[in-house]
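Colleague: Take a look at this one; I'll ask things after.
The values are calculated or read from the model by the stated rules, or taken from the named source; none is laboratory data. Fair warning: this is a prediction, and the values are worked out from it, not measured in the lab. As a convention, Cβ positions derive from the backbone with ideal geometry for all residues, glycine included, and neighbour counts pool all protein chains shown.
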Amino acid sequence: METTWWKQGVVYQIYPRSFMDSNGDGIGDLQGIISKVPYLKELGVDIVWLSPVYESPNDDNGYDISNYRDIMKEFGTLADMDELLATLHNAGIKLIMDLVINHTSDEHPWFIEARSSKNNPYRDYYIWKKGKDGLPPSNWGGCFGGSAWEYDEATDEYYLHLFSKKQPDLNWNSENARAEIYNMVKWWLDKGIDGFRLDAINSISKDMEILEKLPEGEPSVWAGTFINNRPMVHEVLRELNEKVISKYDVMTVGETPGVSPKDSLLYCAPERKELNMIFQFELMDLDSEDGCKWKTKPWSLDKFKEITTKWQDGLYNKGWNSLYLNNHDQPRMVSRFGNDKQYRNKSAKLLATLLHTLQGTPYIYQGEELGMTNVAFETISEYRDIDTLNAYNEMVNEKGMAVEDVMNAIHTKSRDNARTPMQWDGSKNAGFTVGMPWMGVNPNYTEINAHNEMSNPDSIFNYYKKLIKLRKKYPIIVEGKYSFLENYASPLFGYIREYSGQTMLVILNFSQNSTNMPEPETKTLNTEEYKLLISNYSQEEMQKDILKPYEARVYITSK
Ligand code: GLC
Ligand code: CA
């Protein structure tokens, strides 16, 4: 398979609202990002993924777009955007944007037109249905609670919204809507951006058949369950690729919950000409009960290893993996899969070792490289995320659940865990803003911040720098074939990568206890010939046959 920049590169995701505020209004902005390009350069990342910066009323923090061709006032202007792109390019960093084309904001002019009358030329840009006996057209639920259908009085019909009611779903059956979206995509690519992360992309498959039938399940099951991954999504993606994307040297990554490795190849096998890679969700679902994210349960390392192996094996030489353990929708990975107390430094490095030694493109979410943790605000009034606020309302006010239990679930799972401001230094508001931040800073910023991390040679930040450099130096990290090692039983996770006569061995101890090193009896392992490439303990601290708490080691043979 051809190796390109998006396979070799490391992506860094920026959530603009929380990254850096340049003008003291408490909200991160484009000039703030520009001021931190040297920081990104120092870390060594190759590609920045920017969460949405388009004009938006911010019902869902920019994932509800009211104008695709302009920048949200709070973030800056199109001129700032051009400047950001040029500054990144000068630093040798590429830029991909979030492309939200499953839905728009209800404040987008298309929707304002569409809802004005049934005969309006924009009516069919969205999905409209008659109600049934005073009820919505089907019992589908929205992703953020409530029905997926919203009644529109003016025209006495309901419109479909898989997410909030301020995010009406676009109708991809409409030729006109498709053409306008392709033009918009082209407009951005002509500005010189380097690709897209396609938001909720597998939900666009609302073909005529499903809209006719409207199949129902249990009341308020998420509408996406019935809609996602239907064949139509592939037709659209191929058309988008053929008409626009294929004309540029850009990368695409699709957000696709509910996809198996086999299904994923329908999206990312190169001969299909759809996307370069997708985000799968199987690891993100490990700690939820009954598919409900707020019902938490402990995650199992055995399952984690099984899923990882399934994706590594399933896509080898056929597609390409994206590697992530957190983003703007997920809790912080060190709090979720590591230990954010005593072993924060070690476990954050262990998880980083995993992400940067599997096959695929690693994605770093802002602050991950500092080992930023989940936050636990005391009251719901300190939270900002629509998903969290709606869930609180539903669980406490409608279902009468105990506030304490609900707050515990929010502390574990809220998307705001990832969205507290970036912790730059130990000064007021973590150096994120001189004003009043739009959401509180995690109180642990006095200890956990970029300034401390950059000045400490043993820091998580400096460990990420090393991992990123190794990727540049050793093609085996990009190319090597993965094999799972059975004899590294949990709490250990062991695997090898093999490429052109060379072998890399990765050993991870996912435990706060010391654990014996197994006899490397399988494969051809003989630790004597393996040279240590990187570890999160120093040579002096390391013991030959014992792995310390959250110890991670990577060995490599000479060719
Ligand atoms: C995606 C985004 C999420 C957003 C949703 C609706 O899942 O990552 O942040 O709320 O789509 O656009
Ligand atoms: Ca600002």
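Colleague: If you go through the range 22-63, how many residues are out of contact with any helix residue (DSSP H, G or I) (no Cβ under 7 Å at 6 or more places or on another chain) and within 16 Å of ligand 1 (Cβ to nearest atom)?
Modeller: Total satisfying the criteria: 9.
Colleague: Another one. If you scan the range 376-402, which residues turn out to be surrounded by 13 or more Cβ atoms within 10 Å (Cβ to Cβ), more than 16 Å from ligand 1 (Cβ to nearest atom) and not charged (D, E, K, R)?
Modeller: Across the range 376-402, the qualifying residues are Ala376, Phe377, Ile380, Tyr392, Asn393, Met395, Val396, Met401.
Colleague: Of all residues in the range 160-175, how many are within 16 Å of ligand 1 (Cβ to nearest atom) and outside any loop (DSSP other than H, G, I, E, B)?
Modeller: From the range 160-175, those within 16 Å of ligand 1 (Cβ to nearest atom) are 160-170, 172; that's our starting set.
This time we only want the ones that are outside any loop (DSSP other than H, G, I, E, B), so: 160, 169-170.
Result for the range 160-175: 3.
Colleague: Please verify whether the range 176-186 includes one or more residues that are touching a helix residue (DSSP H, G or I) at 6+ places or on another chain (Cβ under 7 Å) and in a loop (DSSP other than H, G, I, E, B).
Modeller: no
Colleague: Return the only residue of Ile65, Ile14 being closer than 22 Å to Leu189 by Cα, more than 15 Å from ligand 2 (Cβ to nearest atom), crowded, with 21+ Cβ neighbours inside 10 Å and not aromatic (Phe, Trp, Tyr). Talk me through it step by step, then tell me what you get.
Modeller: Working: Ile14 fails: more than 15 Å from ligand 2 (Cβ to nearest atom).
Matching residue, one of Ile65, Ile14: Ile65.
Colleague: Is the range 76-94 home to any residue that is in a strand (DSSP E or B), more than 16 Å from ligand 2 (Cβ to nearest atom) and either among the hydrophobic types (A, V, I, L, M, F, W, C) or farther than 24 Å from Asp329 by Cα (or both)?
Modeller: Within the range 76-94, the first condition is being in a strand (DSSP E or B), and the residues that meet it are 94.
Restricting the remaining residues to those that are more than 16 Å from ligand 2 (Cβ to nearest atom) gives 94.
If we keep only those that are either among the hydrophobic types (A, V, I, L, M, F, W, C) or farther than 24 Å from Asp329 by Cα (or both) as well, we get none.
For the range 76-94, residues in a strand (DSSP E or B), more than 16 Å from ligand 2 (Cβ to nearest atom) and either among the hydrophobic types (A, V, I, L, M, F, W, C) or farther than 24 Å from Asp329 by Cα (or both): absent.
Colleague: Hey, Ala154 hits all of (1) assigned to a helix (DSSP H, G or I); (2) within 16 Å of ligand 2 (Cβ to nearest atom) but one; which does it fall short on?
Modeller: Among (1) assigned to a helix (DSSP H, G or I); (2) within 16 Å of ligand 2 (Cβ to nearest atom), the lone unmet condition for Ala154 is (2).
Colleague: Next up: Here's a check for you: in the range 189-244, which residue that is assigned to a loop (DSSP other than H, G, I, E, B) and of a type in the set (A, V, I, L, M, F, W, C) is nearest to Glu175 (Cα to Cα)?
Modeller: Across the range 189-244, the extreme among qualifying residues is Val244.
Colleague: List, please: which pairs have Cβ atoms under 7 Å, are six or more places apart or on different chains, and start with a residue in the range 465-478 that is surrounded by 20 or more Cβ atoms within 10 Å (Cβ to Cβ) and end with one that is in a helix (DSSP H, G or I) and small (Gly, Ala, Ser)?
Modeller: These pairs meet every condition: Leu467/Ala352.
Colleague: Here are some conditions: (1) more than 16 Å from ligand 2 (Cβ to nearest atom); (2) at pLDDT 95 or above; (3) not in a helix (DSSP H, G or I). Trp6 meets all but one. Which one does it not meet?
Modeller: (3)
Colleague: Between Gln330, Gln423, Gln359, which is in a loop (DSSP other than H, G, I, E, B) and surrounded by 24 or more Cβ atoms within 10 Å (Cβ to Cβ)? Steps first, please.
Modeller: Values: Gln330 fails: surrounded by 24 or more Cβ atoms within 10 Å (Cβ to Cβ); Gln359 fails: surrounded by 24 or more Cβ atoms within 10 Å (Cβ to Cβ).
It is Gln423.
Colleague: Only one of these is in contact with a His (Cβ under 9 Å, 6 or more places away or on another chain), of a type in the set (A, V, I, L, M) and either under 24 Å from Trp299 (Cα atoms) or in contact (Cβ under 8 Å) with a residue 60 or more places away in the chain (or both): Val406, Val375. Name it.
Modeller: Details: Val406 fails: in contact with a His (Cβ under 9 Å, 6 or more places away or on another chain).
Criteria check complete, one pass: Val375.
Colleague: A further question on this structure: Check the range 136-144 and report whether any residue there is among the polar types (S, T, N, Q) and crowded, with 18+ Cβ neighbours inside 10 Å. Show your work before the answer.
Modeller: Step one: of the range 136-144, the residues among the polar types (S, T, N, Q) are 138-139.
Filter again for crowded, with 18+ Cβ neighbours inside 10 Å, leaving 138-139.
Yes: one or more hits.
Colleague: Any idea which of Ser22, Ser56, Ser35, Ser117 is surrounded by fewer than 19 Cβ atoms within 10 Å (Cβ to Cβ) and within 16 Å of ligand 2 (Cβ to nearest atom)? I'd like the intermediate steps shown before the answer.
Modeller: On the way: Ser22 fails: surrounded by fewer than 19 Cβ atoms within 10 Å (Cβ to Cβ); Ser56 fails: surrounded by fewer than 19 Cβ atoms within 10 Å (Cβ to Cβ); Ser117 fails: within 16 Å of ligand 2 (Cβ to nearest atom).
Answer to the selection: Ser35.
Colleague: Kindly check whether there is at least one residue in the range 389-405 that is at pLDDT 95 or above, over 19 Å from Gly142 (Cβ atoms) and among the hydroxyl-bearing types (Ser, Thr, Tyr).
Modeller: Within the range 389-405, the first condition is being at pLDDT 95 or above, and the residues that meet it are 389-405.
Adding the requirement that they be over 19 Å from Gly142 (Cβ atoms) leaves 400-405.
Pick out the ones that are also among the hydroxyl-bearing types (Ser, Thr, Tyr) and you get none.
No - not one qualifying residue is present in the range 389-405.
Colleague: How many of the residues in the range 469-495 are out of contact with any strand residue (DSSP E or B) (no Cβ under 9 Å at 6 or more places or on another chain) and within 22 Å of Phe337 (Cα to Cα)?
Modeller: Taking the range 469-495 as the starting set, the residues that turn out to be out of contact with any strand residue (DSSP E or B) (no Cβ under 9 Å at 6 or more places or on another chain) are 469, 472-473, 489-490.
Add one more test, that the residue is within 22 Å of Phe337 (Cα to Cα), and what stays is 489-490.
The total comes to 2.
Colleague: Scan the range 399-453 for residues that are more than 16 Å from Gly32 (Cα to Cα) and of a type in the set (Gly, Ala, Ser) and report the count.
Modeller: Within the range 399-453, residues that are more than 16 Å from Gly32 (Cα to Cα) and of a type in the set (Gly, Ala, Ser) number 8.
Colleague: Quick check on my filter: what residues within the range 372-408 are of a type outside the set (A, V, I, L, M), assigned to a loop (DSSP other than H, G, I, E, B) and under 24 Å from Trp438 (Cβ atoms)? Spell out how you get there, then give the answer.
Modeller: Restricting attention to the range 372-408, the residues satisfying the condition of being of a type outside the set (A, V, I, L, M) are 373-374, 377-379, 381-385, 387-388, 390, 392-394, 397-400, 404-405, 408.
With assigned to a loop (DSSP other than H, G, I, E, B) added as a condition, the list becomes 373-374, 377-379, 383-385, 399-400.
Listed by number, the residues that qualify are Thr373, Asn374, Phe377, Glu378, Thr379, Tyr383, Arg384, Asp385.
Colleague: For the range 130-162, give me each residue that is closer than 26 Å to Pro257 by Cα, touching a helix residue (DSSP H, G or I) at 6+ places or on another chain (Cβ under 8 Å) and not aliphatic (A, V, I, L, M).
Modeller: First, the residues of the range 130-162 that are closer than 26 Å to Pro257 by Cα: 136-150, 158-162.
Within this subset, residues satisfying the condition of being touching a helix residue (DSSP H, G or I) at 6+ places or on another chain (Cβ under 8 Å) are 140, 143-146, 159, 162.
Scanning the range 130-162 gives Trp140, Cys143, Phe144, Gly145, Gly146, Tyr159.
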